[in-house]
Amino acid sequence: MRLKKKVQEIGVSCLFILFAVMPILAPAIGEAFYVDVFARIMIWSIAAVGLNLVLGYGGMISFGHAAYIGLGGYTIAIFSFHEINNGFIQWPVALLISGLAALLFGALSLRTRGVYFIMITLAFAQMVYFLGVSADKYGSNDGMNIWNRSEFKISGLNFSIDDSLTFYYLIFFILVLIVFLVRRLVNSRFGMAIQGARSNESRLEMLGVPTYIYKLTAFVISGVICGLAGILQANFERFVSPDMMDWPRSGELMFMVIMGGMGTLMGPVLGATAFLVLSEVLSSLTIHWHLIFGPLLIILVLYARGGLGGIIDRGQKDG
Amino acid sequence: MVRPLLRTRELNKSFGGIVATKDLSIEIFDGQICAIIGPNGAGKTTLVNMLSGNLRADSGDIIFEDDNVTGLSPSALCSRGIARSFQITSIFPEFSVLENVCFSVQASLGHSFHFWKDVRADERVINPAKEVLERIGLISRANVLSGNLAHGEKRQLEIAMALATKPKLLLLDEPMAGMGAEESRHLITLLHELRSDFSMLLVEHDMDAVFALADKITVLVYGKSIAEGKPSEIKVNNSVLEAYLGSPGN
């Protein structure tokens, strides 16, 4: 058990070190575009860590988390459209909107169970998607460009993320912070409450823990984390479109979590990395890369229960 | 006059046409072990489910410490001091034995909106949990995954979890179910040790256990109480013998 934890921790450190040195490593091997790939990986990792809180730890299969990414991103874009670029206004409002949406959708969805929960979270997310499609003023289907990234200016302080290296390390810092916070969270009493609800909800209720309120809180925190990922994504791509909150995005996000290992701290980061590196590599080989990618994912689900993290665990047990 | 810790007044419950509980009035006094026996389908578990808040009675009242608690939720009753164990073992199988008990302790400490401190380092949670395990004799198994426990140990854990909520009244729904003779004897000894601190309602098929532990026995048949009294009285009660063994004439 202790050995397993050690191996995981070493693996995690390696991954973080890789993220940290990528801006130096990538140009050195003549593949500078990998810096952008890894910035995207980290942004998706943040979202996946957020989803994992409900999916992995809480056992709530949300098929609509792209909505919160989209709401975070769109808030930035709409502010920018109206020439309000101050990040101190943009970011809190974006987080608040994704949090409120998660509160509303979560409060209603969590009254259902199983397949119904999956369907209703999907339905709410598609509602947000169609809201984006129908917003003519804000680009509807074509989406909208963001001419200026968020600026952080108050008297004296002037922090800009226009520089791609600065932005890269800001994303890195946020990822590390989120992983750290989620780690504290899942080991706290609150974390035990949501994991207990996943394991045996009626028993936990019987013990006197009103599970609904804890699950809802986890859902909101998870939505806010995805909103944060959306903020970063919008700033990074300087572009938002309804596509970023369409259901395939929710599915991909779920896949990253499941692939990496649900209910493990670093599984989602591992999953997001594997997912995006794999699709990057395969798509550079052939335009029919989905033909290889799809079956690969199926094989992974069939033979690697517990995700990539699970494979590492199993290797440990055999060794 | 001493007031009962818990009493029911004319409790009724039926499922469709089947009457599970009929005009049932029972009393449990502080420090008592009150046993409920009866043939299969007599409505014993239904009674426990109503007392623990898992089922709502069709009519009648449940009075706990002078308060009418009829219709309260399981969690509300639990925080008032009514804890139960389940006939079918209900634990958190992916968690260690200690963590299972921690869930109970945590529940008894009030809300769980603590986001920062590691539970495994939280003395307010860990220490009471360890005490309960010590008491119930599972401390050596504290770090074992509870799903991997032997059946008898799971039953013990079930009771430990109920104890950890610091209840005044313990509802035990067939705690001996599926246990071997050795394990049953062990559990009887254990419950005997606990009786000084907790009042209990014991639903049990194992008559050795019932007669060894109970201060008072209520016999249910088709949801109705047909006899109530000390174990020595119940043993020789004719209508009880009839219900269990068929009428003497046969």
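All of the numbers you see were taken from the coordinates with simple rules; none came from a lab. All values reported here derive from a predicted model rather than from experimental measurement. Glycine also receives a Cβ, built like all others from the backbone with ideal geometry; neighbour counts cover every protein chain displayed.
For chain A, a Gaussian network of Cα nodes joined below 10 Å ranks A:A101, A:A39, A:A26 by mean-square fluctuation, and the top entry is A:A26. What separates the Cα centres of segment B:124-144 and segment A:241-312 is a distance of 41 Å. Of all the options B:I33, B:I217, B:I91, the one that moves most in a Gaussian network model of chain B with Cα springs shorter than 10 angstrom is B:I91. Using a simple spin-label model with pseudo-atoms 7 Å out from Cα toward Cβ, A:S13 and A:L25 lie 1.6 nm apart. Residues within the reach of a label modelled at A:E151 (point 7 angstrom out along Cα to beta-carbon, backbone nitrogen below 14 Å), restricted to segment A:59-98, are A:80-90. Legend: mean number of C-beta atoms from other chains within 10 angstrom of residue C-beta atoms, peptide B:158-166, equals 1. Can you find, among A:M119, B:A57, B:A83, the residue sitting farthest towards the positive end of the charge dipole of the protein assembly as shown, where Lys and Arg contribute +1 and Asp and Glu -1 at Cβ? Highest projection toward the positive end goes to B:A83.
Here the scattering of the protein assembly as shown is modelled by Debye summation over its C-alpha atoms, one equal scatterer each and no solvent; at q = 0.09, 0.13 Å⁻¹ the log10 of I(q)/I(0) is -0.78, -1.22.
Taking the Cα centre as origin and putting +1 on Lys and Arg beta-carbons and -1 on Asp and Glu beta-carbons, what dipole magnitude results for the protein assembly as shown, to the nearest 20 debye?
On the way: 46 positive and 49 negative charges, 76 e Å.
I would put it at about 360 debye.
On the basis of the beta-carbon distance and an R0 of 56 Å, A:N141 and B:F15 show a calculated FRET efficiency of 0.55.
Averaged over its residues, how many other protein chain Cβ atoms are within 10 Å of peptide A:89-102's Cβ atoms? Could the numbers behind the result be given before it?
Values: counts 0, 0, 0, 0, 0, 0, 0, 0, 0, 0, 0, 0, 0, 0.
Partner Cβ neighbours, averaged per residue: 0.
For chain A, a Gaussian network of Cα nodes joined below 10 Å ranks A:I61, A:I154, A:I41 by mean-square fluctuation, and the top entry is A:I154.
So what's the net charge close to A:G70: Lys and Arg +1, Asp and Glu -1, counting the other residues with Cβ under 13 Å from its Cβ? Let's see the in-between values first.
Details: positive: A:R249; negative: A:E237, A:D243, A:D246.
It works out to a net charge of -2.
Compactness check for chain A: Cα Rg over 2.2 N^0.38 Å is 0.99. If both residues of a DSSP beta bridge must be in the protein assembly as shown, then about 60% of such bridges are antiparallel.
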